[in-house]
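Okay, structure first, notes after.
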Amino acid sequence: MRKYILIVFIVLLLCPGLSFGITAREIMAKSQEAFLYPGKDMKIRVEMRLISSSGKVRLRELTMLRKNFGPPGGQQKYFIYFHRPADVKGMTFMVYKYPQRDDDRWLFIPALNMVRRIAARDKTSSFVGSDFTYEDVSGRDIDDDRHDLVKEESVDGRDCFVVKSIPKKQDVNYSYKLSWIDKESFLPLKEEYYDLSGNLYRVFTAEEIKDIQGIPTVTKRRMRNVQSGHQTEVVFKEVSYDIGLTDRLFTERFLKMPPRRWIK
């Protein structure tokens, strides 16, 4: 009996994720729910700082509206309005996010008075010159990757699951990603992206978490390109959940005529 207990202890020590009775996919699904789906809807005022390797800073300020259309992991719609700088003021961006299919994305460029449909293949392109991609903004479908629980580790005193996610098909510009998921809130505290040669090239960090309306929220985050030295800092200055956004806000009509009530 003592020998059996010792064997079980060794197995749990070597495979700590087994002790929690949770799979890597379940961890990532809970993380997506906590990070991308809190509340029925959301409004945030965002300040984005693009920082070059030499320390030069460019500012972006925008309002993001998001509404869930179904359970966590299901359909969502996003609407983004840019307030500054002058060269992007009035630009709008809209996303229809679907489970198990490519998202629909539109960008309105006021200087050209043109709505541009963003192709699915552009999802890994830079989002308005930042180190975040279009896919980073709205998230990636859980089942587009294979997930493995590789270890457990602490980040800034928080116990985390560390999950390795490998794309099932090469539709992105990285070979795999490591995610440090907080065991308590299931928020991603850190992510490392490795390029197609297996070298680290982007690092995401959650630098500030606040409780807003009872919901743990990452209010300051950073994406750093370790190969170029460029980085992007994002700060949520105002966050509101469950504000009653209507479905009609998320239509092409409002790309050209943004809803002033919600973006001022």
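The values are calculated or read from the model by the stated rules, or taken from the named source; none is laboratory data. Model, not experiment: these values are computed from the prediction. Cβ placement follows ideal geometry from the backbone for every residue including glycine, while neighbour counts extend to all protein chains displayed.
The table that follows gives values for the structure above.
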item: Filter result for the condition that a residue is farther than 30 Å from Ser175 by Cα, of a type in the set (Asp, Glu) and without any contact (Cβ under 8 Å) to a residue 60 or more places away in the chain, over Glu135, Glu61; result: Glu61
item: Residue match in segment 215-238 (condition: farther than 18 Å from Gln32 by Cα, touching a residue at least 24 places away in the same chain (Cβ under 8 Å), hydrophobic (A, V, I, L, M, F, W, C) and buried (at least 18 other Cβ atoms within 10 Å of the Cβ)); result: yes
item: Hits in segment 184-214 - residues which are within 25 Å of Asp242 (Cα to Cα) and either surrounded by fewer than 17 Cβ atoms within 10 Å (Cβ to Cβ) or not aliphatic (A, V, I, L, M) (or both); result: Glu184, Ser185, Phe186, Pro188, Glu207, Glu208, Lys210, Asp211, Gln213, Gly214
item: Extreme residue, farthest from Gly157 (Cα to Cα), among residues of segment 182-191 that are within 13 Å of the chain's Cα centre (by Cα) and without any contact (Cβ under 8 Å) to a residue 60 or more places away in the chain; result: Glu191
item: Criterion violated by Ser154 - all others in (1) surrounded by 13 or more Cβ atoms within 10 Å (Cβ to Cβ); (2) in a strand (DSSP E or B) satisfied; result: (1)
item: Subset of segment 61-105 [of a type in the set (Phe, Trp, Tyr) and assigned to a strand (DSSP E or B)]; result: Phe69, Tyr78, Phe79, Tyr81, Phe82, Phe93, Tyr96
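Results for (1) surrounded by fewer than 20 Cβ atoms within 10 Å (Cβ to Cβ); (2) closer than 22 Å to Ile166 by Cα; (3) at pLDDT 95 or above, shown as yes or no for each residue.
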site	(1), (2), (3)
Ala24	no, yes, yes
Ser31	no, yes, yes
Ile51	yes, no, yes
Lys56	yes, no, yes
His83	yes, no, yes
Tyr98	yes, yes, no
Trp106	yes, no, no
Ala111	yes, no, no
Arg117	yes, no, no
